[in-house]
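So the structure is just underneath, and the comments pick up after that.
The values are calculated or read from the model by the stated rules, or taken from the named source; none is laboratory data. As the structure is a prediction and not an experimental result, all values here were calculated from the model. FYI the Cβ positions are ideal-geometry reconstructions off the backbone, even for glycines, and counts take in every protein chain you see.
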Amino acid sequence: AQSVTQPDARVTVSEGASLQLRCKYSYSGTPYLFWYVQYPRQGLQLLLKYYSGDPVVQGVNGFEAEFIKSNSSFHLRKASVHWSDSAVYFCAVSTPGNTGKLIFGLGTTLQVQP
Amino acid sequence: DPKIIQKPKYLVAVTGSEKILICEQYLGHNAMYWYRQSAKKPLEFMFSYSYQKLMDNQTASSRFQPQSSKKNHLDLQITALKPDDSATYFCASSQEGNTLYFGAGTRLSVL
C-alpha cells in the first residue's frame, strides 16, 4: 500500500530565507506526486504535480519540487519565502489509473516570520 | 469566487442524529469525491463518483451514504452519528484522470 511521510510537523523560517519541505513516499512503481497548500479557512489548492518527465517541476508562486526515485522523495522548495506563504502544505501520491484517490501526508505547517 | 461550495462550514450534532453535508461544484467536472480529515490523521479518501455513479468506496461503515441528485452535486449523508465521526469533510472534483480541486470543507463536531 502507498503511504506518504512528511517528517516535519512544523517549520519556521524568516521572510526571504530559502525553504525545503520534505516528503517521502512508499510505492513500488512510479507514482503521481502532488503538493497542495491550505490557507486558513480555505480548501486545498494545488501547488504542483509530477506525472513523468523532467524530475524538477515548477509550480505556482515560485515553488518547485524534485522527484528523486532512488530516494522515494518529492521535496518542495522555494528560494525566498514571503509572509503570505504561511500555510499548511500537504504532499500526496496517487497511482496511474487511480488518480482520484490521493494518499496524503499529515502536512507541514509553515510559519514565515517577518 | 469559490468553484466548489460546501455547506455548512461548521456543523454541531448530537450522538445518534443524522446530518447531510452539501457539495456543489461549478467547474464542469464529471468526477466528484469525499475526503475526511480527522484529528492527527492525514486526509483520507472516502468515495469517488463519476457521471453520478459510485466508482470507489473506501468507507467501511454504511452510515456514510453519498447522494448525487444532479451532475454537479455530491452530498454526504451521515446517520447514527458518533463522536469519532468528528472531522473536517472535504469535497473535491476533477475532470476524470486529472487534478483534484477541493472545497473549503465542512467541520463536523459530534457531541
**Contacts under 8 angstrom Cβ, first residue in segment B:92-104 being closer than 14 Å to A:Q45 by Cα, partner of a type in the set (D, E, K, R) and at pLDDT below 85, 6 or more apart** = B:A104/A:R41
**Message:** Out of B:P8, B:P83, I need the residue that is at pLDDT 95 or above, loosely packed, with under 14 Cβ neighbours inside 10 Å and within 14 Å of another protein chain (Cβ to nearest Cβ). Which one?
**Reply:** B:P8
**Message:** Restricting to segment A:18-47, name every residue that is in a loop (DSSP other than H, G, I, E, B) and either exposed (fewer than 13 other Cβ atoms within 10 Å of the Cβ) or more than 8 Å from chain B (Cβ to nearest Cβ) (or both).
**Reply:** A:S18, A:R22, A:C23, A:Y27, A:S28, A:G29, A:T30, A:P31, A:Y39, A:P40, A:R41
**Item:** Close pairs (6 angstrom Cβ cut-off, 6 or more residues apart or separate chains): in contact (Cβ under 8 Å) with a residue 12 or more places away in the chain and within 9 Å of chain A (Cβ to nearest Cβ) in segment B:39-56, among the aromatic types (F, W, Y) and surrounded by 11 or more Cβ atoms within 10 Å (Cβ to Cβ) anywhere
**Value:** B:L43/A:F104; B:L43/B:Y35; B:F45/B:Y35; B:S48/B:Y33
**Prompt:** So which of A:V88, A:V81 ends up being surrounded by 15 or more Cβ atoms within 10 Å (Cβ to Cβ), part of a strand (DSSP E or B) and not small (G, A, S)?
**Reply:** A:V88
**Pairs, first buried (at least 18 other Cβ atoms within 10 Å of the Cβ) in segment A:92-110, second of a type in the set (D, E), C-beta under 6 Å, six or more apart** = A:T108/A:D8
**Fill in**
Of (1) assigned to a strand (DSSP E or B); (2) modelled with pLDDT under 95; (3) more than 9 Å from every other protein chain (Cβ to nearest Cβ), A:E66 fails just (2)
